[in-house]
1. Using the crude model of +1 on Lys and Arg Cβ and -1 on Asp and Glu Cβ, and no other charge, please compute the dipole size for the range 4-358 relative to its Cα centre, in debye to 20.
2. Please compute, for the alpha-carbon atoms of the chain, the extent along each of the three principal axes and give them in descending order in Å.
3. Describe numerically, in nm with one decimal, the distance between label points set 7 Å from Cα along Cα→Cβ at residue 198 and at residue 143.
4. Between rounded, prolate and oblate, where does the range 175-287 land on the alpha carbon gyration tensor, with a ≥ b ≥ c its root eigenvalues, rounded for a/c under 1.5, else prolate if a/b exceeds b/c?
5. Sort the following peptides by mean Cβ neighbour count (other Cβ atoms within 10 Å, averaged over residues), highest first: 8-15, 330-337.
6. Under the classification rounded if a/c is under 1.5, otherwise prolate if a/b is larger than b/c and oblate if not, where does the range 240-344 fall, given a ≥ b ≥ c as square roots of the Cα gyration tensor eigenvalues?
7. Please give the peptides 254-260, 74-80, 159-165, 64-70 ranked by average Cβ packing (other Cβ atoms within 10 Å per residue), highest first, as a rough proxy for protection.
8. By its C-alpha gyration tensor, with a ≥ b ≥ c as the square roots of the eigenvalues, how is the range 13-165 shaped: rounded for a/c under 1.5, else prolate for a/b larger than b/c, else oblate?
Amino acid sequence: MATFGIEEEFLLVDPATGIPVPRAAGLSRALESSPAIPPAAPPAPVGQAEFLACQLETSTVICDTLDEASASLLEARTAIAGAADEAGIGVVVSGAAPRIANSPAEISGTERYQSMGELTGAVAGEHYVNGTHIHVAVPDRDAGITALNKLRPWLATLAALGANSPFWRGRDSSFSSWRLIHYRRWSVQGCPPEFADAADYDRRLSRLIGSDAVLDAGHIGWAARLSERYPTVEVRVGDAQLEAADSVLLAALVRGLVLTEEAAPGIHPDPELLDAGLWQAARYGLGGRLMDVQGDPSAAADQVFALVEHIRPVLEDNGDADYVTAGVQRMLTLGTGAVRQRAAYAAGGWDGLAALYGASLTSGA
């Protein structure tokens with residue numbers, strides 16, 4: 001069984017208007033003194049300001065079990081909800097901001113983030129997007145490359161399950177994940193290429209970093225990559241999730257894929273088909289078709305079932321099978337976060353969305 005961790009990003013907004021507010025640094029300081037937050041542990045500190053001054057990132061402790069991950073996420077989310085309420089701040093649990101101001105976003109004050117903002121210009125000025133990042137431990141970098149190659153054919157399926165950003169600039173984008181579409185504007189993004197080994201990965205990464213298209217390895221926007229800070233594979237394809245249970249489901253599936261022996265024996269999907277699959281996932285979520293592991297289109301729901309069956313032996317060994325089966329059924333019955341957001345907006349407009357965010361932030365706590 002491999003250890004894992006989950007990073008979650010949240011957007012801070014004016015609760016009346018839904019417009020992002022640059023108050024992450026202050027809220028982060030308040031969370032540092034919160035007795036509800038456990039000591040920070042990899043993969044990232046808890047309550048850390050992110051790229052934009054209106055974004056806050058938290059992480060779990062290093063986890064062995066899904067129950068540990070659920071408890072850690074809910075501790076952080078409950079503390080955020082309390083601190084934000086005390087400060088008069090709204091918290092959006094969505095992969096993209098439903099509303100934004102006309103002026104460019106304020107970038108966090110670190111030298112690295114400021115340099116990244118200068119490099120990416122107007123792209124950074126609209127980077128109101130939040131993700132769920134899942135780290136799974138690997139014994140070495142070559143094992144990490146094997147895991148990356150196994151993950152590639154399933155990234156679109158994970159993206160469809162994790163789609164939770166339908167709104168942008170005050171209206172429905174028609175996409176289930178606007179965040180994934182926004183990311184297509186960055187210099188290096190999408191499905192990672194297939195690598196021969198860690199040396200091949202490092203060689204190609206070095207060439208990219210020397211191209212002036214990215215600042216450093218952390219600026220590489222592939223949907224899955226090797227972490228430069230920790231001995232993990234980092235999967236970044238999912239939007240920020242409405243509920244902690246949604247994030248844990250994605251983590252269980254990712255860990256299952258990393259530990260499963262092969263993605264599909266002898267199958268090497270064409271990269272353009274995998275990229276098209278990510279676009280399909282962004283557009284339709286679980287409501288359309290995706291490119292399967294052989295590059296053929298099939299119903300997204302069928303691919304979710306195929307994924308679960310593919311990794312079932314590992315899920316059973318980890319004790320995760322029941323959780324994943326129930327979580328997938330819940331997603332298919334209630335819908336992804338995007339489906340639930342649209343239903344809330346149809347019923348109550350922005351007030352309905354805000355109520356959904358508030359209830360979902362601490363759901364299960």
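1. Working: 26 positive and 45 negative charges, 208 e Å.
Dipole magnitude for the range 4-358 comes out near 1000 debye.
2. 54, 47, 39
3. 1.0 nm
4. Working: a/c = 1.43, a/b = 1.24, b/c = 1.16.
Judged from the Cα gyration tensor, the range 175-287 comes out rounded (a/c under 1.5).
5. Numbers: 8-15: 22.8, 330-337: 18.0.
Going by the mean number of other Cβ atoms within 10 Å, highest first, we get 8-15, 330-337.
6. Numbers: a/c = 2.05, a/b = 1.07, b/c = 1.92.
Oblate, because a/c is 1.5 or more while a/b does not exceed b/c.
7. Order by mean packing, descending: 159-165, 254-260, 74-80, 64-70.
8. Details: a/c = 1.71, a/b = 1.24, b/c = 1.37.
Oblate shape, in that a/c is at least 1.5 and b/c is the bigger or equal ratio.
Every number here is computed from the coordinates shown, using simple stated rules; none is lab data. Treat the numbers as computed from the prediction; the structure is a model and nothing was measured. No Cβ is skipped: glycine too gets one built from the backbone with ideal geometry, and neighbour counts run over all protein chains shown.
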